[in-house]
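The values are calculated or read from the model by the stated rules, or taken from the named source; none is laboratory data. None of the values given here were measured: they were computed from a predicted structure. Heads up, the Cβs are rebuilt from the backbone with ideal geometry, glycines too, and the neighbour counts pull from every protein chain shown. The accessibility values were calculated without ligands, DNA or RNA, using every heavy atom of the protein model including side chains. Shrake-Rupley method; radii C 1.70, N 1.55, O 1.52, S 1.80 Å.
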Amino acid sequence: FEVKDKAEGAADYYEIEDVDGKVKITGNSGVTIANGLNYYLKYYCKVSITQVGDQVAMPKSIVKVGSKVHKECKVALRYAYNYCTMSYSMAFWGEDEWRKELDWLALNGVNIVLDITGQEEVWREFLSTLGYTHEEIKDYIAGPAYYAWAYMANLSGYGGPVHDSWFTKRTELARKNQLIMRKLGMQPILQGYSGMVPVDVQSKAKGAYALTDNDVIPQGTWCSFQRPYMLRTTTAAYDKYAKLFYEAQEWAFGKTSNYYAVDPFHEGGKRPSDLTDDVISREVLNSLLEYDHDAAWMVQAWWSNPTNDLLKGMGDDREDHV
């Protein structure tokens with residue numbers, strides 16, 4: 001294996017060739033080299049590695065490549081998952097399951113991976129700074145099988161609380177996963193801040209984080225679940241809370257990525273008429289860039305999301321950050 005830089009502006013690539021009786025795979029990153037390895041295993045060794053089962057009986061001797069193989073990928077970012085995956089399939093995954101999955105992703109050329117593992121610790125740090133006790137935070141955080149909806153601001157608390165040890169174990173797992181991703185040439189996609197807060201935040205947050213009635217927007221219910229409140233993104237309070245959230249996430253994981261996923265007012269969230277999609281996206285992106293000048297906002301597409309107005313609000317240079 002050899003990591004070899006690509007020309008400026010060139011596509012990601014790998015090459016496979018015979019060299020001195022061995023098979024050599026060259027690529028511009030760990031992910032492209034792994035992708036090349038997968039190509040060789042699949043088409044030369046008849047080996048198949050999948051998420052649901054493997055056929056890994058290798059040939060008894062090296063299979064020569066013959067003519068040199070050169071492959072390019074014109075798509076710079078290859079993305080994996082949406083939020084629902086994290087609850088439908090991965091809620092209780094441990095280190096073994098995640099390592100197998102990350103290897104499989106690398107073999108298939110994925111280089112950015114949505115990852116909400118360990119967000120419990122981010123929210124514990126975030127909410128504790130606002131004045132919540134440990135037990136109150138545990139009551140707010142949903143159970144693992146419901147994290148997708150909890151982090152998309154659809155519900156809170158349901159399926160919880162988790163045991164104290166869960167916070168430590170998941171944070172350690174998240175750090176290991178993110179280290180593995182970076183070694184392979186991937187980046188995790190962390191969380192952006194949409195403005196989500198607990199419904200009782202006004203009675204808890206004091207001092208610099210005190211909130212007025214104008215700062216918070218009650219969200220009603222989602223599928224009969226009480227939704228968390230949302231902050232009005234045009235207020236100074238939102239800027240303060242966004243900064244606090246990003247600092248809490250950095251406290252938990254370090255500076256591990258420039259990619260963030262956030263979907264404000266998800267699936268029917270309520271907002272006043274003056275808080276349109278373009279206004280929301282402008283403020284969310286500005287707060288994100290205030291924290292990380294190289295940030296890229298990953299917007300998931302389903303139903304009517306993202307709307308034209310949401311994209312419009314990101315500005316003329318949005319392609320640099322979205």
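Where both partners of a DSSP beta bridge lie in the chain, what percent of those bridges are antiparallel, to the nearest 5? The antiparallel fraction comes to roughly 60 percent.
For the chain, the dipole from Cβ point charges (+1 on Lys and Arg, -1 on Asp and Glu) about the Cα centre works out to 980 debye, to the nearest 20. Note that the stretch 204-321 carries a Kirkwood radius of 15.4 Å, evaluated over its alpha carbons pair by pair.
Net charge dipole, the stretch 236-320: roughly 300 debye, given to the nearest 20, about the Cα centre with Cβ charges of +1 for Lys and Arg and -1 for Asp and Glu.
Rounded if a/c is under 1.5, else prolate if a/b is larger than b/c, else oblate: which is the stretch 1-82, with a ≥ b ≥ c the root eigenvalues of its Cα gyration tensor? Note, shape of the stretch 1-82 comes out oblate. Note on VAL63: accessible area approximately 40 square angstrom, rounded to 10, probe 1.4 Å, nucleic acids and ligands left out. Between TYR209 and ASP103, the contour length at 0.36 nm per residue exceeds the alpha carbon distance by 33.9 nm.
One decimal place: the segment GLU290-ASP200 gains 29.6 nm when fully extended, by the rule 0.36 nm per residue minus the C-alpha distance. Here the calculated FRET efficiency for VAL299 and LYS6, from their Cβ-Cβ distance with R0 = 25 Å, stands at 0.35, rounded to the nearest 0.05.
For the stretch 215-322, the solvent-accessible area with a 1.4 angstrom probe is 48 square angstrom per residue.
Sorting THR235, THR129 on solvent-accessible area from highest to lowest, probe radius 1.4 Å, gives THR129, THR235.
On the beta carbon distance between VAL52 and ARG318, with R0 = 41 Å, the FRET formula returns roughly 0.60.
The three principal axes of the Cα atoms in the stretch 144-220 give end-to-end lengths of 47, 27, 25 Å, sorted in falling order.
May I ask for the Rg/Rh ratio of the chain, computed from Cα atoms with Rh as the Kirkwood radius, given to two decimals?
Answer for the chain: 1.03.
A simple charge model with +1 on the Cβ of Lys and Arg, -1 on the Cβ of Asp and Glu and nothing else charged puts the dipole of the stretch 69-181 at about 480 debye relative to its Cα centre.
Here the accessible area is traced with a 1.4 Å probe on the protein chains. For the stretch 163-310, carbon and sulfur cover 50 percent of it. Mind telling me which of VAL279, VAL56, VAL113 comes out most flexible in a GNM of the chain, alpha-carbon contacts under 10 Å? In the Gaussian network model the winner is VAL56. With the charge dipole of the stretch 165-322 set up from +1 on Lys and Arg Cβ and -1 on Asp and Glu Cβ about the Cα centre, the Cα lying farthest toward the positive end among the listed residues TRP251, THR168, PRO198 is that of THR168. Residues of the stretch 226-245 falling in the label zone of GLU136, defined by backbone nitrogen less than 16 Å from a point 7 Å along Cα to beta-carbon, are 229.
Between the beta carbons of SER273 and LEU311, assuming R0 = 25 Å, the FRET efficiency works out to 0.80 to the nearest 0.05.
The label point for ASN258 and the one for ILE62, both projected 7 Å from the Cα toward the Cβ, are 3.8 nm apart.
Computed with a 1.4 Å probe over protein heavy atoms only, the accessible area of TYR14 comes to about 20 Å². With the gyration tensor restricted to C-alpha atoms of the stretch 215-256, the semi-axes of the equivalent ellipsoid amount to 25, 16, 6 Å, longest first. Taking amide hydrogens as placed 1.01 Å from N in the peptide plane, the amide H of MET298 sits under 5 Å from those of TYR260, ALA261, VAL262, each at least 5 positions away in sequence or on another chain. Per the Debye formula on identical point scatterers at the alpha carbon atoms of the stretch 1-160, with no solvent, log10 I(q)/I(0) at q = 0.12, 0.16, 0.17 Å⁻¹ is -0.69, -0.94, -1.00.
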